[in-house]
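The values are calculated or read from the model by the stated rules, or taken from the named source; none is laboratory data. Model, not experiment: these values are computed from the prediction. Every residue, glycine among them, receives a Cβ derived from its backbone with ideal geometry; neighbour counts consider all protein chains shown.
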């Protein structure tokens, strides 16, 4: 029986935009166990971006609880949140978000720098991570010397290098063609098979189908939360 | 990593550190030049004009470094001159061990073998004169006390006279005519070089008792009594004794000022000390202005950098960078920028000082403290100028930052 990695209770989040109050999350409750592969879907305005920001500890809720790997993280200070992000979250973004003037190796080293690792160990771990995504021979390339698929692989290596609890991907194939998209989804599948917990936010049903569980948000609430028909329980 | 950023945008970086560069260049160059001048003025100028640990008893100052009113000139001219008897009286009453020499000088014409050397400084002095002036002899000897007592017609000539008047012929033993009377050359003074472009070798020395004294030391009156001691403190003590002796001899009452002058190399330096004092006072102001301007420029460049790299800051924060990580990153970049400017300024300042030394008679001596100061200022300006932009960067919200272009 896999233990609960994430437990969210009655999450609320509001913004003030242009004089209006926007209720992005109106009481969301959710549990995710270790090694689940979850897709979070929803139309624009459903709150899925806000959900991702809260899950990724980039944002704190106005009300409710968020337990991540045994720690309540909804009321932490900025510095404490940064610590949690560094240790527990591996981000993969739609636009890759690599440092343009740094090599692939240096990009992957970044989380390790903020974790305080020594230079030698950093290098070794970063090199190993790049090898695992098949880019061992592209370590000294800059992002503008890499294809879209290769950039996303670098981003994935960076996300995993600190062995985080969750891999949090925001529209990971949004900027890739269909062949490369399939490659990247293959990588996610392999990581999931190796024990990684994967949470993917997407608006494409084809991509969501790769996950084993789909949570649909609408108007700041969970509309449905089902196991995917195609995947095994 | 900070150096990589700088190299990537060389032109922009150069303009951004120009303020610090100029400030530090000023600092190094001016300090080097002033230090060099200090060394030059003390060792070369003052000590050559007067002598090391030496004072001169005179009617009035010969080295005047500041403006003197006509009235003062006239008052000085009215003073009694220093007589042979005055000088003898004073030197007998100095108990500190000293070397002394009577001294007078004027411009005369020297003749040899039909050639004439005009406008030559003819010094009348004693044997001690050569010690006081630190004149080494390159050929022959100086005259002796007996020759001085006898008023012998012997002559020691400067290097330029030996070169120009004798033109390759050995001057020792030859006869030089001064005011119709022949003098035998017994020695040649080693080459002294130039002082501010003027030759120091265009002179000849005879015993002050020799016949030509009628022309340079008339009426048993001296230009000066030169007194040299072994150390600065001893010189001051001897000067005190000389002053007391003269005041007694001239029967001056306690309230009355001296009607004679005791001249030291410090007096010769006073004018330069004023100038260098003003320069060194103005310097911190100039440097400060350049550095403040430089700091403001760096701050603006860093603010622009933070703005341009907002997305990057968001990425770093998402990956776990805390406020202090972002803050220190940008302060290090800012300090590095400033330090590079300071390093270039140090190089430029040294270069400038070297050029000044090579092209003008003025020397330059690099002061290590000014280089250290340049480095410290470089780092400080960078840290201070970068603090505000760095804190702006540190306080960015990661979500908003990630959405930036």
TODO: Select from segment A:11-29 the residues that are out of contact with any helix residue (DSSP H, G or I) (no Cβ under 9 Å at 6 or more places or on another chain) and farther than 14 Å from residue A:217 by Cα and list them in ascending order.
DONE: A:14, A:16, A:17, A:18, A:19, A:20, A:21, A:22
Task: segment A:87-98, subset part of a loop (DSSP other than H, G, I, E, B) and touching a helix residue (DSSP H, G or I) at 6+ places or on another chain (Cβ under 6 Å), residue nearest to the other protein chains (Cβ to nearest Cβ) - done: A:97
TODO: Scan segment A:125-141 for residues that are within 11 Å of residue A:108 (Cα to Cα) and out of contact with any helix residue (DSSP H, G or I) (no Cβ under 8 Å at 6 or more places or on another chain) and report the count.
DONE: 1
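If the requirement is being in contact (Cβ under 8 Å) with a residue 60 or more places away in the chain, within 30 Å of residue B:201 (Cα to Cα) and touching a helix residue (DSSP H, G or I) at 6+ places or on another chain (Cβ under 9 Å), which of these qualifies: B:30, B:24, B:50, B:68?
Just a single option satisfies the conditions, and that option is B:50.
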Task: strands (runs of 3 or more DSSP E) fully within segment A:158-233 counting 1 or more residues that are touching a helix residue (DSSP H, G or I) at 6+ places or on another chain (Cβ under 8 Å) - done: A:166-170, A:197-201, A:213-218
TODO: For residue A:190, indicate whether it is modelled with pLDDT under 95 and either within 14 Å of another protein chain (Cβ to nearest Cβ) or touching a strand residue (DSSP E or B) at 6+ places or on another chain (Cβ under 8 Å) (or both).
DONE: no
Open item on the list: Considering only segment B:265-281, I want to know if a residue exists there that is assigned by TED's automatic domain parsing to the domain that holds residue B:388 and farther than 30 Å from residue B:54 by Cβ.
Closed with: yes
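Is it fair to say residue B:43 is over 30 Å from residue B:164 (Cβ atoms), out of contact with any helix residue (DSSP H, G or I) (no Cβ under 8 Å at 6 or more places or on another chain) and modelled with pLDDT under 85?
no
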Task: Matching option when the condition is more than 30 Å from residue B:86 (Cα to Cα), more than 14 Å from every other protein chain (Cβ to nearest Cβ) and modelled with pLDDT under 90, among B:303, B:352 - done: B:352
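Does segment B:379-398 hold any residues that are within 14 Å of chain A (Cβ to nearest Cβ) and either farther than 25 Å from residue A:59 by Cβ or crowded, with 17+ Cβ neighbours inside 10 Å (or both), and which are they?
Answer for segment B:379-398, where residues must be within 14 Å of chain A (Cβ to nearest Cβ) and either farther than 25 Å from residue A:59 by Cβ or crowded, with 17+ Cβ neighbours inside 10 Å (or both): B:393, B:394, B:396, B:398.
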Task: Boolean, residue B:386 is part of a helix (DSSP H, G or I) and either within 37 Å of the chain's Cα centre (by Cα) or outside the structural domain of residue B:30 (by TED's automatic domain parsing) (or both) - done: no
Open item on the list: So in segment B:243-289, with the set limited to residues that are modelled with pLDDT of 90 or more, touching a helix residue (DSSP H, G or I) at 6+ places or on another chain (Cβ under 7 Å) and part of a helix (DSSP H, G or I), which one is surrounded by the fewest Cβ atoms within 10 Å (Cβ to Cβ)?
Closed with: B:249
Open item on the list: With the requirement that a residue be assigned to a helix (DSSP H, G or I), surrounded by fewer than 17 Cβ atoms within 10 Å (Cβ to Cβ) and in contact with a strand residue (DSSP E or B) (Cβ under 9 Å, 6 or more places away or on another chain), what does segment B:219-242 give you?
Closed with: B:219, B:220, B:234, B:236, B:237
- [ ] Mind listing whichever residues of segment A:56-73 are in contact (Cβ under 8 Å) with a residue 60 or more places away in the chain, in contact with a helix residue (DSSP H, G or I) (Cβ under 9 Å, 6 or more places away or on another chain) and more than 9 Å from chain B (Cβ to nearest Cβ)?
- [x] A:66, A:68, A:69
Task: Condition met for residue A:101 (without any contact (Cβ under 8 Å) to a residue 60 or more places away in the chain and either in contact with a helix residue (DSSP H, G or I) (Cβ under 9 Å, 6 or more places away or on another chain) or not in a helix (DSSP H, G or I) (or both)) - done: yes
TODO: Could you check, for segment A:129-149, whether at least one of its residues is assigned to a helix (DSSP H, G or I), within 14 Å of another protein chain (Cβ to nearest Cβ) and without any contact (Cβ under 8 Å) to a residue 40 or more places away in the chain?
DONE: yes
Task: Residue within segment A:122-145 that is crowded, with 19+ Cβ neighbours inside 10 Å and touching a strand residue (DSSP E or B) at 6+ places or on another chain (Cβ under 9 Å) present - done: no
TODO: Identify, by number, the condition in (1) within 14 Å of chain A (Cβ to nearest Cβ); (2) loosely packed, with under 15 Cβ neighbours inside 10 Å that residue B:314 doesn't meet.
DONE: (2)
Task: So residue B:109, is it assigned by TED's automatic domain parsing to the domain that holds residue B:249 and either at pLDDT below 90 or more than 11 Å from residue B:225 (Cα to Cα) (or both) - done: yes
Task: Whichever residue in segment A:74-86 is at the interface with chain B (Cβ under 8 Å from one of its Cβ atoms) and surrounded by fewer than 19 Cβ atoms within 10 Å (Cβ to Cβ) and, among such residues, is nearest to residue A:176 (Cα to Cα) - done: A:83
Open item on the list: When you scan segment A:15-34, do you find a residue that is within 14 Å of another protein chain (Cβ to nearest Cβ), at pLDDT 90 or above, more than 23 Å from residue A:115 (Cα to Cα) and in a helix (DSSP H, G or I), even just one?
Closed with: no
- [ ] Starting from segment A:110-122, take each residue that is more than 9 Å from chain B (Cβ to nearest Cβ) and list its partners that are buried (at least 19 other Cβ atoms within 10 Å of the Cβ) and not in a helix (DSSP H, G or I), counting only C-beta distances under 7 angstrom and pairs at least six apart or across chains.
- [x] A:112/A:161; A:112/A:162
TODO: Could you identify the single residue in B:18, B:28, B:82, B:22 that is surrounded by 19 or more Cβ atoms within 10 Å (Cβ to Cβ), closer than 30 Å to residue B:326 by Cα and more than 14 Å from chain A (Cβ to nearest Cβ)?
DONE: B:22
TODO: Residue by residue through segment A:37-70, note down the ones that are over 13 Å from the mean Cα position of the chain (by Cα) and in a loop (DSSP other than H, G, I, E, B).
DONE: A:42, A:43, A:44, A:45, A:46, A:47, A:59, A:60, A:61, A:62, A:69, A:70
